[in-house]
1. Check which residues have an amide H placed less than 5 Å from Tyr285's amide H, if you skip close sequence neighbours.
2. When the C-alpha atoms of segment 233-319 are aligned to their principal axes, what extent does each axis show, in angstrom, from largest down?
3. If the limit is 31 Å between Cα atoms, which of Lys244/Lys282; Lys114/Lys326; Lys118/Lys304; Lys282/Lys304 go over it?
4. Can you bin segment 25-160 into rounded, prolate or oblate? Criterion: square roots of the alpha carbon gyration tensor eigenvalues sorted a ≥ b ≥ c, rounded for a/c under 1.5, prolate for a/b above b/c, oblate for the rest.
5. Just want to confirm a number: the relative contact order over segment 158-307, from Cα pairs under 8 angstrom separated by 6+ residues, in percent.
6. Amide H to amide H, which residues 5 or more places from Leu257 or on other chains are under 5 Å from it, using H placed in the peptide plane?
7. Please compute one quarter of the surface area of the Cα convex hull for segment 2-333 and express it in square nanometres.
8. Averaged per residue, what accessible area in Å² does the chain show with a 1.4 Å probe, protein chains only?
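The values are calculated or read from the model by the stated rules, or taken from the named source; none is laboratory data. Owing to the predicted nature of the structure, the values given are computational and were not obtained by experimental measurement. Cβ placement follows ideal geometry from the backbone for every residue including glycine, while neighbour counts extend to all protein chains displayed. Accessible surface is based on the protein model in full, side chains and every heavy atom, while ligands, DNA and RNA are left aside. Shrake-Rupley method; radii C 1.70, N 1.55, O 1.52, S 1.80 Å.
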Amino acid sequence: MKVLVTGGLGYIGSHTVVELSNNGFECIVIDNLINSEIQVLNSLENLCENNVEFLQADLMNMEQLSSIFDTYQFEAVFHFAGVKSPAESVLKPLKYFEENLGSTINLLKEMQRKDIKKLIFSSSATVYGDLTKSPVYEGAPTSILNPYGRTKLMIEEMLQDLSNSDPKWSIAVLRYFNPIGAHPSGTIGEKPSGIPNNLMPYITQVASGEREHLNIFGNDYSTHDGTGVRDYIHIMDLANGHLKALKYLDKHSGNHLFNLGTGKGYSVLDLINTFEEVNGIKIPYKIMERRPGDIAISYADSSKAEKELGWKAERGLKEMCENAWKWEKKNIYSTTINSDELVLDS
Ligand code: WQD
């Protein structure tokens, strides 16, 4: 059975491709390579039991998109493609509205044209903003902190209207909490360009010596140790959530919303301590001012996904830290090999 995966060479998309492929699905991956690397495809070919076909294309290019939909018959679409930096979205809102909304509308029009009406959409817990107390359940009020989050919520609302207009649509909207870690092979993982915005890739770059120390954004929050608390979820658990959502849509039409998190909150210091313990590496840090837009505490109530999807996050913080570091080490190794520098230790 063929499925289309947009943004399938990105961090979450690539791990989902592995999970789908190793559960009987043939993935057609499209990616414009603006925020991902073609090398990921080589790793996917090694990790995937089923054929993975890659097409370099941009969802903003309707001609390319129509030709793909005229060539392949998909059973379902997983939509990851989009721009995703909250900070950048504040500076460039029009880029975020054009790319995230425009590409999604193009995709939905092509799906409608070819009568493909099964969609899994990559949303984010960022739509809950800072008004909601944790644990956060799907019916909690949303509040938007930046244009990136607004595009996610606007797309969710578009999908609800689409579903209301045509009961043949089967849609799963997945609100991710904080995905971290990497495939246990260490051959795919998170590879942000430039200075990492997110905590775990920054920690692994401190561990590798690429960064001198971690800046902890605030230790005066009302949490057990003053640092921000988040629901970190292993990327492979998140990928499995997508597989379970697809199986759910085989039996359910309509529009369905699920939180994907572990239901546990860990602080920045908890993550640092666990990373140091598991990997035997010291992570030096400095306490800095709070980062604008950050909230104190966010963790999921994922009971709906557990009950309706039969999904539960299985992997703990130690495995997340171990897999993240294994990926970083391999990543450095492959980068230094390519740059012909002497490699002292892999
Ligand atoms: C986690 C904690 C920071 C970096 C973001 C996006 C959200 C979603 C997930 C896409 C916070 C602290 C971080 C650092 C730090 N992405 N921190 N030093 O902010 O919860 O969510 O990623 O959907 O949209 O906003 O994740 O990893 O940036 O921060 O102290 O260098 O780590 O203050 O408490 P966040 P994060």
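1. Leu214
2. 50, 31, 16
3. On the way: Lys244/Lys282 38 Å; Lys114/Lys326 42 Å; Lys118/Lys304 20 Å; Lys282/Lys304 38 Å.
The answer is Lys244/Lys282; Lys114/Lys326; Lys282/Lys304.
4. Details: a/c = 1.70, a/b = 1.62, b/c = 1.05.
It is prolate, given that a/c is not under 1.5 and a/b is the larger ratio.
5. Details: 235 pairs, mean separation 51.9, N = 150.
Here the relative contact order equals 35 percent.
6. The list, which skips near neighbours in sequence, is Val173.
7. Numbers: hull surface 62.0 nm².
About 15.5 nm², averaged over all directions.
8. Working: 15630 Å² over 346 residues.
Value returned for the chain: 45 Å² of accessible area per residue.
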